[in-house]
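Shown next, in structure tokens, is the structure this report addresses.
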Amino acid sequence: MENKSILKFEKYVVDTIFYKVNNNYKVKQKEIELPFSFDTEKKINDNKMEIQLGVNIFKDAEKNNYPFEMNVILKGYFSLEESSYNIQNFEKNAIAILFPYLRAIVSTYTANANITTVMLPAMNINKYFEKKYKNIDF
């Protein structure tokens, strides 16, 4: 028996990277928390799905005295190898597939920006969205 997924990950594309340093940042004595939030969108056409997964880190940096602000958006392209399934049922799988790429891009970009490398925590991204859309604090 072969355990092959019918969901096919075609590719991902970095749609947006926004990074802006806060030149007015006042260094705090203690380690600062890493505030971030994720968003997702989807487009479905027959057995094809485009998932957009984004993260916003240190939103409103100048207003909140954060060292920088960063926004990254990835687009992932998926298809089903069997047309007898509804691709919408695979949205959570697609988001979970994209999440490690998003984490890697954030850490690589911040490392190359010559700042302390930001590593988003390993997490169950789908639990995050379940709680977010139920208006539960995460």
**Q.** Dmax and Rg, reported as Rg then Dmax, of the chain (C-alpha, Å)
**A.** 17.3, 60
Q | Acute angle (nearest 10 degrees) that the helix 91-112 long axis makes with the longest principal axis of the chain, alpha-carbon atoms | A | 30
Q. Among rounded, prolate and oblate, which fits segment 92-138 when a ≥ b ≥ c are the square roots of the eigenvalues of its C-alpha gyration tensor, a/c under 1.5 means rounded, and a/b larger than b/c means prolate?
A. oblate
Q) Among the aspartates and glutamates, which fall within straight-line cross-link reach of Lys48, defined as a Cα-Cα distance under 17 Å, with same-chain neighbours fewer than 8 residues apart omitted? A) Glu10, Glu81, Glu82, Glu91
Q: Identify all aspartates and glutamates with a Cα-Cα distance to Lys59 below 20 Å; exclude those on the same chain that are fewer than 8 residues away in sequence.
A: Asp15, Glu31, Glu33, Asp39, Glu41, Glu69, Asp137
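Using a 1.4 Å probe over the heavy atoms of the protein chains, calculate the carbon and sulfur portion of the accessible area of the chain as a whole percent.
Values: 4240 of 9130 Å².
So the carbon and sulfur contribution to the accessible surface is 46 percent.
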Q: Past 18 Å, Cα to Cα, is the threshold; run Lys43/Lys131; Lys20/Lys63; Lys8/Lys42 against it and keep the listed order.
A: Lys43/Lys131
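The values are calculated or read from the model by the stated rules, or taken from the named source; none is laboratory data. Predicted model, so just to flag it, every value in this text is computed and none were measured. Heads up: the accessible areas ignore ligands, DNA and RNA and are worked out on the full protein's heavy atoms, side chains in. Shrake-Rupley method; radii C 1.70, N 1.55, O 1.52, S 1.80 Å.
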